[in-house]
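One structure is given here, and the rest of the page talks about it.
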C-alpha cells in the first residue's frame, strides 16, 4: 500500500495560513486588546453585581460585593467563593 504525498503541499499551505493569521493577531495593537478586555470585564462585573443584588438581601449582597472586590485586588478567588459556599450550605440545610 502506497501513501500519496500529494496532500503534503495542501497541508503546508494550511499551516502557512494559520501562521499568517497568528502573526496578524499577534501584531494587533496591544492597547486595544487590553482596552477591549477591560470593557468586557467591567460589563461582566456590573452584570454579576446586579445579579448578586437581586439574589441576596441588601446587607449580604453588599458583603459579597466587597468580598468580590477584595478577591480581584488580591487575586484570590477564595475570598469570595468561601462566602458563596456558606450560602449554598445554608440553603441545602433549609431544604
Seminar exercise, completed: Of the convex hull drawn through the C-alpha atoms of region 29-94, the volume per residue in Å³ is 87
Seminar exercise, completed: A chain fully extended from residue 42 to residue 77 at 0.36 nm per residue, minus the present Cα-Cα distance, gains in nm 10.9 nm
Exercise. Hey, rough spin-label estimate for residue 19 and residue 33, points 7 angstrom out along Cα→Cβ, what's it come to in nanometres?
Worked result: 2.0
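Taken together, the values in this text are just the output of simple stated rules run on the coordinates, not laboratory data. Nothing here was measured: the structure is a model prediction, and the numbers come from that model. Virtual Cβ from ideal backbone geometry, glycine too; neighbours counted across all protein chains shown.
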